[in-house]
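Asks: First, the structure itself, so that you have it in front of you.
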Amino acid sequence: MSLALDSKPDTDQLTTYFRCIAGCPGKHSIYDVIYTCPICGSLLEVHHEREPLQKRTPLQWQQLLSSRASTSIWPYGSGVWGMREWVIPSLADENVVSMFEGNTNLFWAERLGKQLGVPDLWIKLCGNSHTGSFKDLGMTVLVSVVKQMMAQGSPVKAVACASTGDTSAALAAYAAYAGIPAVIFLPAGKVSTAQLIQPVCNGAHVLALDTDFDGCMRIVKEVTKDNSIYLANSMNSLRIEGQKTVGIEIIRQFEWHVPDWIIIPVGNLGNISALYKGFKLMMDLGLITRMPRLVAAQTKRANPFYESFKNGFKEKISVTAQDTLANAIRIGDPVSYEKAVTAIAETNGIVEQATEDELAAASARADLTGMFTCPHTGVALAVLSKLVERGEIKPSDKTVVISTAHGLKFTDFKVGYHESTLKDVNSQYANPAVHVPANADAVKAEIEKRLG
Ligand SMILES: *Cc1c(COP(=O)(O)O)cnc(C)c1O
Ligand SMILES: [Zn+2]
């Protein structure tokens, strides 16, 4: 049950609260164990009333956020907590569980951009983070709120999630940092070795189930009905509050200018919803005056959002997700569908898909220009190529691709590509190591053959 808000003294709890995304009445404390609307069952969102935030001018906000961007002053050195007034203003310093996530590099992909016909191409490398994916941004917020709940005597004693790999790595790390037990549900045999070993190392209770992600999700929902285990999947909208900082961070890194396009690989649709939420906040506070166009990139093997988009979003389509190299987006029944429809509709956005061969080729091609891309980033880059070829993205457009994880988590994919052993993939950019005798003449001959 929702506690009455006025039973808590912090004044900003009156201005930051959960509310139903479908518009039902009711404000729920973000420190209550509640994930969906008690009236209609829709997802909740953390709402920040705008009026208190409008007491600062856009310029004052810009200066404040910029001034914190590279500090080591606790907790502002975190890309998330550097925006704490926009995230969870009522969180006490001592309950912030942070490893200074965020503030990831946004770099100009000059050579790849020229090859693809969009020279003003930028990569936001969210994989350069504590556990190697953007999931850290959401988990610092969720675990911090749990720590504050526990400090206030809540019945919560552990956190749990179903995961396609990166969510569990982030949850396990932040829970371990805070000393809170974590229970992880993984689809057996469907995550990479690196993704599996991370929560194991962090001491989480790792349960591998003989099902897919959607099956794990059904079980975790059942298990967390008991309020002592707190659900950390992205239907918990606390994570969205942390993840929304990535869009704000991109704008800050561009000196408060808005790019034309942002392309992001999507599965459960939490991250694109978060991206939009950050931009909406900046619009409402006057920091920006237009929206970037958002592009959701899906793998063809798990493309329910693409199918729904083709259908004009007339109805939510679910599919049975198939095996894909892009395992973190192998999701057939996305939980944040409604929020993501808003994100696409309000930004004149696009949903596009990529095949296994297209995503692998796009990833390998990017690597040849100095990157080390995960397969999900490959999906986004393949979609970028399609939209450039179709003339949707113009050569002069400033375009950002969100790289969601570090390629080093997916070495099996890289090895398979360069050994030409991946199913349904033609390894056209394969560059396998060659075995050469340890003899200078043989080595010189090999170099000669290659460099001419
Ligand atoms: C979780 C994840 C995604 C998809 O994010 P959603 O919020 O589920 O849409 C994409 N890429 C990587 C690497 C991820 O871990
Ligand atoms: Zn409702």
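Asks: Select from the range 287-317 the residues that are open to solvent by 40 Å² or more (accessible area, probe 1.4 Å) and either assigned to a strand (DSSP E or B) or at positive phi (or both) and list them in ascending order.
Replies: If the condition is that a residue be open to solvent by 40 Å² or more (accessible area, probe 1.4 Å) and either assigned to a strand (DSSP E or B) or at positive phi (or both), then R293, G312, F313 are the ones that fit.
Asks: Would you please list the contacts, defined by Cβ atoms under 6 Å and residues six or more apart or on different chains, that run from a residue in the range 35-46 that is more than 10 Å from N236 (Cβ to Cβ) to a residue that is assigned to a loop (DSSP other than H, G, I, E, B) and within 8 Å of ligand 2 (Cβ to nearest atom)?
Replies: Final answer for the pair search is C37/C24; I39/C24; C40/A22; C40/C24; S42/I21; S42/A22; E45/I21.
Asks: Separate question: Restricting to helices (runs of 4 or more DSSP H) lying wholly in the range 50-108: which have 3 or more residues that are touching a Gly at 6+ places or on another chain (Cβ under 9 Å) and in contact (Cβ under 8 Å) with a residue 40 or more places away in the chain? Give the derivation first.
Replies: Numbers: elements: 50-53, 58-68, 84-87.
The helices (runs of 4 or more DSSP H) meeting that bar are 58-68.
Asks: In the set Y76, Y31, which member is touching a helix residue (DSSP H, G or I) at 6+ places or on another chain (Cβ under 6 Å), open to solvent by 40 Å² or more (accessible area, probe 1.4 Å) and either at pLDDT 95 or above or aromatic (F, W, Y) (or both)? Spell out the reasoning first.
Replies: Numbers: Y31 fails: open to solvent by 40 Å² or more (accessible area, probe 1.4 Å).
Criteria check complete, one pass: Y76.
Asks: Okay, moving on. Give A188, A160, A173 a once-over and let me know the one that is open to solvent by less than 30 Å² (accessible area, probe 1.4 Å), of a type in the set (A, V, I, L, M) and touching a strand residue (DSSP E or B) at 6+ places or on another chain (Cβ under 8 Å).
Replies: Working: A188 fails: open to solvent by less than 30 Å² (accessible area, probe 1.4 Å); A173 fails: touching a strand residue (DSSP E or B) at 6+ places or on another chain (Cβ under 8 Å).
After applying the criteria, what remains is A160.
Asks: Taking strands (runs of 3 or more DSSP E) that fall entirely within the range 167-248, which contain at least 1 residues that are free of Cβ contacts under 8 Å to residues at least 24 places away in the same chain? Step through it out loud before you land on a result.
Replies: On the way: elements: 182-187, 205-209, 229-231.
Hits in the range 167-248: 205-209.
Asks: For the list (1) more than 24 Å from the chain's Cα centre (by Cα); (2) surrounded by fewer than 19 Cβ atoms within 10 Å (Cβ to Cβ); (3) within 12 Å of L325 (Cβ to Cβ), I need the number of the one condition that T355 fails.
Replies: The failed condition is (1).
Asks: Just for helices (runs of 4 or more DSSP H) wholly inside the range 329-424: which have at least 3 residues that are within 16 Å of ligand 2 (Cβ to nearest atom)? Steps first, please.
Replies: Details: elements: 337-346, 356-367, 375-389, 411-418.
Hits in the range 329-424: 337-346.
Asks: Which condition from (1) open to solvent by less than 70 Å² (accessible area, probe 1.4 Å); (2) acidic (D, E); (3) at pLDDT below 95 is the one that E392 breaks?
Replies: If we test E392 against (1) open to solvent by less than 70 Å² (accessible area, probe 1.4 Å); (2) acidic (D, E); (3) at pLDDT below 95, just (3) comes out false.
The values are calculated or read from the model by the stated rules, or taken from the named source; none is laboratory data. The structure displayed is predicted, hence computed values, not measured ones. Neighbour counts are summed over all protein chains in view; Cβ atoms, including those assigned to glycine, are modelled from backbone coordinates with ideal geometry. We work out accessible area using only protein heavy atoms, side chains counted, and drop any ligands, DNA or RNA first. Shrake-Rupley method; radii C 1.70, N 1.55, O 1.52, S 1.80 Å.
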